[in-house]
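A short worksheet on the structure shown next.
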Amino acid sequence: MGTATLSGRDRALLRAVAAGRCKLGSGWQPVLLVDGLACADSAAGHRLVAAGLIDPPDPDRPLAQASITSLGWRALAS
């Protein structure tokens, strides 16, 4: 996924991660929580991690604060 192909939902999720509103759960597929609730798009966490827009979850922590990468910041700025 290039930054030009980000959906509106992906951009909104990146903004939520940037605002510190998201946690990322580790497991066979990263689970993204927004304001304590599971994201309705169950593949969103995996998609954003795979695209390098948010950092992968720490396998040693079941739930941790989600963090945006420098590529994610650039995607938001474009």
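Any read-out appearing in this document is the output of simple, stated calculations on the displayed coordinates, not a laboratory observation. All of these numbers come straight from a predicted model, not from anything done at the bench. Cβ sites come from the backbone with ideal geometry, for glycine too, and all protein chains shown count toward neighbours.
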Hey, how much of the P(r) for the chain falls beyond 15 Å, as a percent of Cα pairs? 46 percent
If I take every Cα pair under 8 Å that is 6 or more residues apart in the chain, average their sequence separation and divide by the length, what percent do I get for the relative contact order? 32 percent
With axes computed from alpha carbons, what is the tilt in degrees of helix 8-18 against the longest principal axis of the chain, rounded to the nearest 10 within 0 to 90? 60 degrees
For ALA19, placing the label point 7 angstrom along Cα-to-beta-carbon and taking the stretch 38-70, residues whose amide nitrogen sits under 16 Å are 38-40, 66-68
For the chain, what is the charge dipole size about the Cα centre, in debye to the nearest 20, if Lys and Arg each add +1 at the Cβ and Asp and Glu each add -1 at the Cβ? 220 debye
